[in-house]
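Chemist: Here's a structure for you.
The values are calculated or read from the model by the stated rules, or taken from the named source; none is laboratory data. Please read these numbers as outputs of a predicted model, since none were measured by experiment. Here the Cβ positions follow ideal geometry from the backbone for every residue, glycine too, while neighbour counts run over all protein chains shown. Surface areas here come from the heavy atoms of the whole protein model, side chains and all, with no ligands, DNA or RNA. Shrake-Rupley method; radii C 1.70, N 1.55, O 1.52, S 1.80 Å.
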Amino acid sequence: MTRLAIEHDAVNLAQGFPDFGAPEEIKRAAQEAIAADLNQYAITWGAKPFRDAIAAKYRKWYGIDYDPEREITVCCGATEGMIATLLAVTNPGDEVIICEPYYENYGPDALLCDAQLKFVQLRPPDWTFDPDELRRAFSAKTKAIILNSPNNPTGKVFTRAELELIAGLCQEFDALAITDEIYEHILYDGASHVPIATLPGMRERTVLVNSMSKTYSVTGWRVGFVLAAEDLTDSIRKVHDFLTVGAAAPLQQAGVAALNLPDSYYEKLSLEYQKRRDLLLHLLEQAGFRCYRPSGAYYIMTDISGFGFVNDVSFVRHMIESAGVAAVPGSSFFSDSNAGATLIRFCFCKKYETLEEAGSRLREFRVTL
Ligand SMILES: Cc1ncc(COP(=O)(O)O)c(C=O)c1O
């Protein structure tokens, strides 16, 4: 969709990357690290100052201790963190549960590991799951559940009660929770983020994947990290070493500056995104879209059934070509493409003027539909 957007000079509300600058302090820290010749390989599992900063962050924010020497692995984005984890912990034939709709990388990740995916539906408007359906997905073959909260594409933030239910099933079926917490600081309307690792009995069976990409608006830096108990980390580090050796050394140094930003940085991040969310919700509704209001992350799922198109892909193609606005067809987030045929996802990690421009193009588009 991004390629098609470029071809048609469309406003790209498809791929989730900010079109505004990263914080000055961390850009400066990266420049200084390069100037100071921090340009060679870091230790494969991550530069010590960065691992120390990650451990301090988790202690401060969530009151949970991870040993930087044995339980933290720095990798090339959450993307590598997730595949390295799955390669490390699954054997061919193991089952991995995913809530659907899901961030599209998890599907190919599981395929690369020869793991079998089991899907549990998140149902609109609140994107809640049916506890019985979740229980039925667990079996003796279940190795792990992948949990992404705040969630891409739905904007759902899992509640403590939902997480407790999932935690109970993980313990009953001796399964791991592999969590993608990349949007942990992007929360709205008072929602709060609970890492499942902080729930009783879960620290030892959780692999927590996170990244600098979204919190610091540096999706191109490719710096992420994985937190897990020592035995799991030991395997994850081996896979990581052979996959990528390590993440960019000077950017890990800049990561120390990022993790030391004051609390006000995170408050502003959520507030700014909430304003962008409210603006895009308003613009989309004006243009006739039925929107599901997100509680976290920076995407809005919309229902396009009212527009009368055959499916999501033909709608998005038409929208790019005729309106000059790109979004992602909902079917990209489902194992069965028919399931997402009435949904499309817009992202709002964009300048206000970018969102306004998309809004005015979509209003005209509605008139000409
Ligand atoms: C849920 C989720 N996980 C992971 C990623 C990719 O993370 P990274 O840039 O750290 O590889 C994205 C990017 O959009 C995402 O939405």
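Chemist: How large is the accessible surface per residue of the chain, computed with a 1.4 Å probe and reported in Å² as a whole number? The partial results should precede the final answer.
Modeler: Values: 15170 Å² over 369 residues.
Heavy-atom SASA per residue in the chain reads 41 Å².
Chemist: Would you report the distance distribution of C-alpha pairs in the chain as whole percents per 20 angstrom bin, up to the bin with the largest distance?
Modeler: 30, 58, 13, 0
Chemist: Something else: How large are Rg and Dmax for region 106-216 when calculated on the C-alpha trace, in angstrom?
Modeler: Rg and Dmax of region 106-216, Cα atoms, are 13.7, 40 Å.
Chemist: Rg to Rh ratio, region 1-51, alpha-carbon atoms and Kirkwood radius? Provide the component values of the computation, followed by the final result.
Modeler: Working: Rg = 17.2 Å, Rh = 14.4 Å.
When Rh is taken as the Kirkwood radius, the ratio is 1.19.
Chemist: Sum -39500 (n - 2.57) across every DSSP H segment of at least 4 residues in the chain, then divide by the residue count to get the 222 nm mean residue ellipticity, nearest 500. The partial results should precede the final answer.
Modeler: Working: 12 runs with 147 residues, N = 369.
Calculated at 222 nm, the ellipticity per residue is -12500 deg cm²/dmol.
Chemist: Let me ask something else about it. Averaging the inverse of every distinct alpha carbon separation and then flipping it gives the Kirkwood radius. What is it for region 145-302, in angstrom units? List each step's numbers first, then the result.
Modeler: Working: mean 1/r = 0.0581 Å⁻¹.
Here the Kirkwood hydrodynamic radius works out to 17.2 Å.
Chemist: Probe radius 1.4 Å, ligands and nucleic acids ignored: give me the carbon and sulfur share of the accessible area of the chain as a rounded percent.
Modeler: Details: 7730 of 15170 Å².
After summing per-atom areas, the C and S share lands at 51 percent.
Chemist: What FRET efficiency comes out for the pair A161/Y265, r = Cβ-Cβ distance, R0 = 35 Å, nearest 0.05? Don't skip to the answer; put the middle values down first.
Modeler: Details: r = 30 Å, r/R0 = 0.85.
For R0 = 35 Å, the calculated efficiency reads 0.70.
Chemist: For the chain, what is the percent of antiparallel DSSP beta bridges, rounded to the nearest 5? Can you show the working numbers first?
Modeler: Numbers: 20 of 41 bridges.
If we restrict to bridges inside the chain, about 50 percent are antiparallel.
Chemist: Sticking with this one: Under 20 Å from a point 7 Å along the Cα-to-Cβ line of H282: which residues of region 339-360 have their amide N that close?
Modeler: Within reach of a label on H282, which here means backbone N under 20 Å from a point 7 Å along Cα→Cβ, region 339-360 contributes 346-360.
Chemist: How big is the gap, in Å, between the Cα center of region 26-75 and the Cα center of region 206-271?
Modeler: About 8 Å separates the Cα centre of region 26-75 from the one of region 206-271.
Chemist: Hey, another quick one. Can you tell me the orientation of helix 160-172 relative to the chain, as the angle in degrees between its alpha-carbon axis and the longest Cα principal axis, to the nearest 10?
Modeler: Roughly 50 degrees, rounded to the nearest 10.
Chemist: What's the local net charge at I320, with K and R +1, D and E -1, over the other residues with C-beta under 13 Å away? List each step's numbers first, then the result.
Modeler: On the way: positive: R3, R317, R361; negative: E7, D9, D312, E321.
After counting each charged neighbour, the total is -1.
Chemist: While we're here: With the contact rule set at Cα under 8 Å and sequence spacing of 6 or more, what percent relative contact order holds for the chain?
Modeler: Working: 742 pairs, mean separation 94.6, N = 369.
Normalised by residue count, the contact order of the chain is 26 percent.
Chemist: Hey, got the dipole for region 124-206? About the Cα centre, +1 on K and R Cβ, -1 on D and E Cβ, debye to the nearest 20?
Modeler: Values: 8 positive and 13 negative charges, 54 e Å.
Its charge dipole is roughly 260 debye.
Chemist: Another question, if that's okay. What is the Å³ per residue value for the convex hull set by the Cα atoms of region 208-264? Working shown, then result.
Modeler: Details: hull volume 5.4 nm³, N = 57.
Convex hull volume per residue, Cα atoms: 95 Å³.
Chemist: From the C-alpha coordinates alone, can you work out the Kirkwood hydrodynamic radius of region 174-217, in Å? Spell out each step's value before the answer.
Modeler: Values: mean 1/r = 0.0864 Å⁻¹.
Evaluated over region 174-217, this radius sits at 11.6 Å.
Chemist: For a quick size check, give me the Cα extents of region 148-190 along its three principal axes, largest first, whole Å.
Modeler: That gives 33, 18, 16 Å along the principal axes, largest extent first.
Chemist: Longer than 27 Å from Cα to Cα, which of K268/K350; K57/K214; K57/K156; K156/K268; K118/K351; K60/K141 are they? Say none if no pair is. Can you show the working numbers first?
Modeler: Details: K268/K350 15 Å; K57/K214 16 Å; K57/K156 24 Å; K156/K268 20 Å; K118/K351 38 Å; K60/K141 36 Å.
Correct reply: K118/K351; K60/K141.
Chemist: Next up: Average the reciprocal distances over every distinct pair of alpha-carbons in region 90-144, invert the result, and give the Kirkwood radius in Å.
Modeler: Computed over region 90-144, the radius equals 11.7 Å.
Chemist: Oh, and also: Hey, any idea what Rg/Rh is for region 287-369, computing Rh the Kirkwood way over Cα pairs? Could the numbers behind the result be given before it?
Modeler: Details: Rg = 12.3 Å, Rh = 13.0 Å.
Answer for region 287-369: 0.95.
Chemist: Separate question: Tell me the angle of helix 24-35 to the major Cα principal axis of the chain, expressed in degrees between 0 and 90 and rounded to the nearest ten.
Modeler: Compared with the principal axis, the helix lies near 50 degrees.
Chemist: Reachable lysines from K238, Cα under 16 Å, same-chain residues fewer than 8 places away excluded?
Modeler: Of all the lysines, none pass the test against K238 - Cα under 16 Å, at least 8 places apart if same chain.
Chemist: With the dipole of the chain worked out from charges on the C-beta (+1 for Lys and Arg, -1 for Asp and Glu) around the Cα centre, which of L283, S270, F138 lies farthest toward the positive end?
Modeler: It is L283, whose Cα lies furthest towards the positive end.
Chemist: Take peptides 258-264, 153-159, 220-226 and line them up by average Cβ neighbours within 10 Å, highest first, as a rough protection proxy.
Modeler: 153-159, 220-226, 258-264
Chemist: Using Cα atoms only, what is the angle between the long axis of helix 263-286 and the major principal axis of the chain, expressed in degrees (0 to 90) to the nearest 10?
Modeler: Helix 263-286 and the main axis of the chain meet at about 20 degrees.
Chemist: Continuing with the same structure: When the distances between all Cα atoms of region 1-95 are binned every 10 Å from zero, what whole-number percent does each bin get?
Modeler: Each 10 Å bin holds this share of Cα pairs: 12, 25, 33, 23, 8.
Chemist: Right, here's the next one. Accessible surface of M1 in the full protein assembly, 1.4 angstrom probe, to the nearest 10 Å²?
Modeler: The value for M1 is about 70 Å².
Chemist: Also, I was wondering about something else. Mean-square fluctuation check for the chain, GNM, Cα pairs under 10 Å: which of G63, G93, G81 is largest?
Modeler: The residue that fluctuates most here is G63.
Chemist: Also, I was wondering about something else. What is the Rg over Rh value, at two decimals, for region 45-153, using alpha-carbon atoms and the Kirkwood definition of Rh? Don't skip to the answer; put the middle values down first.
Modeler: On the way: Rg = 16.0 Å, Rh = 15.7 Å.
Value, to two decimals: 1.02.
Chemist: So how far, in whole Å, is the C-alpha centre of region 131-196 from the one of region 310-369?
Modeler: Using only Cα atoms, the two centres lie 28 Å from each other.
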